[in-house]
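Q: First the structure, then my questions, so here it is.
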Amino acid sequence: GSALHSPTAPPAEVIAITASSDSAIFNYHTDKATVKQLIFECVLTRNFLGLFFGYGFFSIGFYSFLYIAVPYPLSMGTGPYSSAASISVDGASNVFVPFGIMQTLGGIANGAIATKSDPRLVFIAAMGLLCVTSAFYSLCRELWEFLLVCAILGYGISGFFATFGTMIAQRFHGPNLPLIMSLAFAGAALGGFFGSPLATEITNAEGGNYAYATVLMSLSFFIAGVLGMFVITDVEDADAHLMQPVTALPSAVASSGQRTPKDKQPLLQPSSAVQDVSPLDSRNHLISPTERYAPTTGAEELHSPADRHASKAKAVAVPPLTIVSGTSQISGDAVHAIASPDLMSGSPSQVLSPKHVHDEANTTPLFPKPPTTPGLVEQPQAVPEPAPII
C-alpha cells in the first residue's frame, strides 16, 4: 500500500511493536521518574522490597558477626565456657585474617560464577552457606575452629557483595538507577539499628552465652535467602509488566487499510536511507544513486558472475523514477534489477545492474508496473516525433 512504501512511513518492524499513545506506560528503564512514579513504579514493587529487606536482614547477621567475632573467642575459659581452654587476645584478633583473605578470594570466585550463571542464584547459595555456618558457630571452642568458621563466613559474605549491586542494576537499569540503588542500599541501616544491639542484649541476658547471637545470625541470613528465592524475581520476569501488547497501529497505516507485509522491508527502499553511502558492485565500481534505488535484500548472494548465470535471471524493467527525499530530488534513467527465482517464493535475491539488463529469450517483465506511491513520481517518457514523409 502507499502508506507502507512512503518514505515517511515507519518501517514494518516499528509498526509491529508500536502501541497507541493512549496505552503508553511508564518505563523506568528509559524514562526519568517523577517522585510519584519513583514511589509507585519502583519502590513499591516486589523486586525493590525484596532487595531492600534482603540487604536489611543480611546486615543484621553481618553486624551481629562483627560484634561477636573477637569477644566470643576471648570468652573461652570464662563463664559458660569455663571448661574450654582460654584464647589470648592476639589469637582472638587473628580471626579476621582468614576472614579477609577468603572475602577477597571469594569475591573474585563468586563474581566469576555469577557471570557464568545468574547473580541471583549465587546470592541464594551464599545466604544458605552463611545460614548453616552461623548455626555451627556456636559449637566452636578451639582457636582453629574459630579461624575456620570465620574463613567460611568471609567467603559467604563476599557472595553477597559480589552480586547484590548487580541484581539491582539488572532489574532497575536506566536513568533512575543511581537513586534506586541508593534507596536499596539504605536497607543496611536495619543492621545498624537492630543487629549489634540485639546481639548484645541477647548475650547479656544469657549470661555471656553467645549461642543465641549466632542463632540470630543464622536466622537473619536465612530470611535474606528466602527473600532472594521467593520474592526477588528473575530478570525476565522483572520486566514482564513493561511488556505491552499492540492495541492500535499508527494512524497513517490504520487509515490505509493495508496490512503489514511479511518481509520487513518494502520492495523499493527510499533513497534517503542510502544516499550517503556508495556501495560497490561485483566489478568494484561505484553504483550511482539511481542504480542504488532498487531492492538490496540478498544482493550479496548473486554478486559473482557464476551466481548470476546460475540463477536464470530475468530482467525486470522499472520505469524512470524521480526520488524525492525532503527538499532534495534525484532523477535518473530506468532502473533495472535481476530477479532470481527466489523472488517468487517470497525471499528475494536481487542484484543491481548498472545498465539495462535483458533476457534474449524473454523480454516480458516478471511483474506488472508498480503502482504510483508517495515519494516515487513517475516521469513521462519522451515519445519521439515521427520523421516527416518527403
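The values are calculated or read from the model by the stated rules, or taken from the named source; none is laboratory data. Predicted, not measured: the structure shown is a model, and the values here were computed from it. Cβ: placed from backbone, ideal geometry, glycine included. Neighbour counts: every protein chain shown. Each accessible area value is taken on the protein alone, full model and side chains, heavy atoms only, with ligands, DNA and RNA left out. Shrake-Rupley method; radii C 1.70, N 1.55, O 1.52, S 1.80 Å.
Q: Can you confirm whether residue 209 is assigned to a loop (DSSP other than H, G, I, E, B) and within 30 Å of residue 74 (Cα to Cα)?
A: yes
Q: When the range 208-226 is examined, which residues are found to be more than 15 Å from residue 196 (Cβ to Cβ), of a type in the set (Gly, Ala, Ser) and surrounded by 24 or more Cβ atoms within 10 Å (Cβ to Cβ)?
A: Once the filter is applied, which keeps residues that are more than 15 Å from residue 196 (Cβ to Cβ), of a type in the set (Gly, Ala, Ser) and surrounded by 24 or more Cβ atoms within 10 Å (Cβ to Cβ), the range 208-226 yields only 224.
Q: What number of residues within the range 24-57 are more than 20 Å from the chain's Cα centre (by Cα), of a type in the set (A, V, I, L, M, F, W, C) and surrounded by fewer than 14 Cβ atoms within 10 Å (Cβ to Cβ)?
A: Count: 5.
Q: Only one of 162, 186 is open to solvent by less than 60 Å² (accessible area, probe 1.4 Å), in a helix (DSSP H, G or I) and out of contact with any Gly (no Cβ under 8 Å at 6 or more places or on another chain). Can you tell me which?
A: Just one listed residue meets the conditions, 186.
Q: For the condition surrounded by fewer than 16 Cβ atoms within 10 Å (Cβ to Cβ), among the β-branched types (Val, Ile, Thr) and over 17 Å from residue 55 (Cβ atoms), what is the one hit in 104, 133?
A: 104
Q: When you go through 174, 154 one by one, which is the residue that is small (Gly, Ala, Ser), more than 16 Å from residue 66 (Cα to Cα), touching a Phe, Trp or Tyr at 6+ places or on another chain (Cβ under 6 Å) and touching a residue at least 12 places away in the same chain (Cβ under 8 Å)?
A: 174
Q: Now a separate question. If you check 117, 82, which single one turns out to be within 27 Å of residue 235 (Cα to Cα), open to solvent by 30 Å² or more (accessible area, probe 1.4 Å) and at pLDDT below 95?
A: The unique qualifying residue is 117.
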